[in-house]
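Undergrad: A single structure is presented below for examination.
The values are calculated or read from the model by the stated rules, or taken from the named source; none is laboratory data. Every value quoted in this text rests on a predicted model; they were computed, and no experiment measured them. Positions of Cβ are generated from backbone atoms using ideal geometry, with glycine treated the same way; all protein chains shown enter the neighbour counts.
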Amino acid sequence: MAVIVGNTPGALAAKAATTTIPIIFGSGTDPVKLGLVASLSRPGGNVTGVSFFANDLEAKRLGLLHELLPRATVIAALVNPNFPDAADRLRELQQAAHTIGKQMHVFNASTVGEIDTAFATLAERRPDALIVVADPLTTTRCYQIAALANRYALPAIHPAREFVLAGGLMSYSTSLIDAYHQKGIYTGRILKGAKPADLPVVQPTRLELVFNLATAKALGLEVPPTLLARADEVIE
């Protein structure tokens with residue numbers, strides 16, 4: 001028996017190509033909005049999977065950044081404008097920024113080269129901090145983005161733990177390890193005869209806050225004890 005396992009673009013392409021082969025996706029975008037499934041509880045058809053999507057994450061990241069840097073007034077957002085959820089996530093960020101009295105400046109990057117260009121502009125504009133908006137491009141360029149943020153001494157909150165492992169300052173996200181583990185479980189169940197239509201889309205249940213204290217020290221920042229106490233992982 002064959003099973004197709006992939007990310008959002010692969011799952012969308014596979015769904016367009018077959019209605020019979022089971023498809024398991026991992027998606028950071030709302031899978032209902034994308035048309036991958038009819039609903040989270042009753043996927044229907046031959047597609048199910050794991051959603052990394054969680055409401056209000058960008059606003060929560062901004063709130064954590066505010067706790068770390070309460071005097072920061074200008075916050076930059078690095079975003080891929082070609083990402084389907086980009087407009088919604090920026091709207092969420094801008095509303096949250098307005099609520100706490102921050103200015104939000106948006107820097108677009110839809111290619112690897114444009115990430116470098118965006119950071120060069122960031123270096124000229126000198127915002128107080130940066131939020132990296134989650135999407136497939138940014139999450140696959142964690143080393144590049146973490147290194148650039150540190151090169152320009154820009155405190156940043158990132159959309160995955162992997163950024164912090166790469167030297168980034170902090171992250172707040174769903175657990176990708178848990179999500180990939182669940183994809184493996186669903187693959188095994190389908191290979192044993194389960195139907196995708198009968199397997200609800202797995203939604204994120206665990207959010208993790210991670211800090212890199214070595215990076216904080218290099219940036220001249222002291223992480224408040226109240227934030228450290230809530231951290232799921234602290235990298236020395």
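Undergrad: Got at least one residue in region 24-32 being touching a Leu at 6+ places or on another chain (Cβ under 7 Å) and surrounded by fewer than 21 Cβ atoms within 10 Å (Cβ to Cβ)?
TA: The answer is yes; a qualifying residue exists.
Undergrad: Filtering region 122-142 down to residues that are hydroxyl-bearing (Ser, Thr, Tyr) and crowded, with 16+ Cβ neighbours inside 10 Å, which residue is nearest to Leu154 (Cα to Cα)?
TA: Thr138
Undergrad: Could you grab me the full set of residues in region 110-123 that are over 25 Å from Pro70 (Cβ atoms) and either part of a helix (DSSP H, G or I) or among the acidic types (Asp, Glu) (or both)? If you could, list the steps in order and put the result at the bottom.
TA: Keep residues of region 110-123 that are over 25 Å from Pro70 (Cβ atoms), which gives 110-118, 120-121.
Across region 110-123, the qualifying residues are Val112, Gly113, Glu114, Ile115, Asp116, Thr117, Ala118, Ala120, Thr121.
Undergrad: I would also like to ask the following. Which numbered condition trips up Ala72, out of (1) assigned to a helix (DSSP H, G or I); (2) closer than 15 Å to Ala156 by Cα?
TA: Status for Ala72: all satisfied but (1).
Undergrad: While we're here: For region 143-168, what are the residues that are within 19 Å of Glu67 (Cα to Cα) and surrounded by fewer than 19 Cβ atoms within 10 Å (Cβ to Cβ)?
TA: Matches in region 143-168: Ala153 only.
Undergrad: Let me ask something additional. Is it the case, given these coordinates, that His181 is surrounded by fewer than 14 Cβ atoms within 10 Å (Cβ to Cβ) and free of Cβ contacts under 8 Å to residues at least 40 places away in the same chain?
TA: It is true that His181 is surrounded by fewer than 14 Cβ atoms within 10 Å (Cβ to Cβ) and free of Cβ contacts under 8 Å to residues at least 40 places away in the same chain.
Undergrad: Got at least one residue in region 30-45 being in a loop (DSSP other than H, G, I, E, B) and of a type in the set (D, E, K, R)?
TA: For region 30-45, residues in a loop (DSSP other than H, G, I, E, B) and of a type in the set (D, E, K, R): present.
Undergrad: Output the qualifying pairs, or none if there are none: Cβ atoms under 6 angstrom, residues six or more apart or on different chains, first residue in region 1-29 and of a type in the set (Phe, Trp, Tyr), second residue in a helix (DSSP H, G or I).
TA: Phe25/Ala11
Undergrad: In region 46-62, which residues are in contact (Cβ under 8 Å) with a residue 60 or more places away in the chain, of a type outside the set (S, T, N, Q) and either assigned to a loop (DSSP other than H, G, I, E, B) or buried (at least 21 other Cβ atoms within 10 Å of the Cβ) (or both)?
TA: Residues of region 46-62 in contact (Cβ under 8 Å) with a residue 60 or more places away in the chain: 46-54, 57-58, 60-62.
Going one step further and asking which of them are of a type outside the set (S, T, N, Q), we end up with 47, 49-50, 52-54, 57-58, 60-62.
Of everything in region 46-62, those that are in contact (Cβ under 8 Å) with a residue 60 or more places away in the chain, of a type outside the set (S, T, N, Q) and either assigned to a loop (DSSP other than H, G, I, E, B) or buried (at least 21 other Cβ atoms within 10 Å of the Cβ) (or both) turn out to be Val47, Gly49, Val50, Phe52, Phe53, Ala54, Leu57, Glu58, Arg61, Leu62.
Undergrad: Look at Phe119 and say whether it is within 14 Å of the chain's Cα centre (by Cα), hydrophobic (A, V, I, L, M, F, W, C) and surrounded by 14 or more Cβ atoms within 10 Å (Cβ to Cβ).
TA: no
Undergrad: Next up: Which residue is farthest from the chain's Cα centre (by Cα), if the candidates are limited to region 78-106 and must be among the hydrophobic types (A, V, I, L, M, F, W, C) and under 24 Å from Pro9 (Cα atoms)?
TA: Top of the filtered list is Ala87.
Undergrad: Can you tell me which residue in region 197-220 is surrounded by the fewest Cβ atoms within 10 Å (Cβ to Cβ), limited to those that are over 24 Å from the mean Cα position of the chain (by Cα) and assigned by TED's automatic domain parsing to the domain that holds Glu67?
TA: Once the filter is applied, the top-ranked residue is Gly220.
Undergrad: Within region 12-29, can you find the residues that are in a helix (DSSP H, G or I) and hydrophobic (A, V, I, L, M, F, W, C)? Write out each step before concluding.
TA: Step one: of region 12-29, the residues in a helix (DSSP H, G or I) are 12-17.
If the condition is that a residue be in a helix (DSSP H, G or I) and hydrophobic (A, V, I, L, M, F, W, C), then Leu12, Ala13, Ala14, Ala16, Ala17 are the ones that fit.
Undergrad: Could I ask something else about it? So the check is Cβ under 8 Å with 6+ separation or different chains; which pairs have a first residue in region 88-110 that's surrounded by fewer than 18 Cβ atoms within 10 Å (Cβ to Cβ) and a second one that's hydroxyl-bearing (Ser, Thr, Tyr)?
TA: Gly101/Thr73; Gln103/Thr73
Undergrad: Residues to consider are Thr187, Thr138; find the one that is among the hydroxyl-bearing types (Ser, Thr, Tyr) and not assigned by TED's automatic domain parsing to the domain that holds Val202.
TA: Numbers: Thr187 fails: not assigned by TED's automatic domain parsing to the domain that holds Val202.
Thr138 is the lone residue from the list that is among the hydroxyl-bearing types (Ser, Thr, Tyr) and not assigned by TED's automatic domain parsing to the domain that holds Val202.
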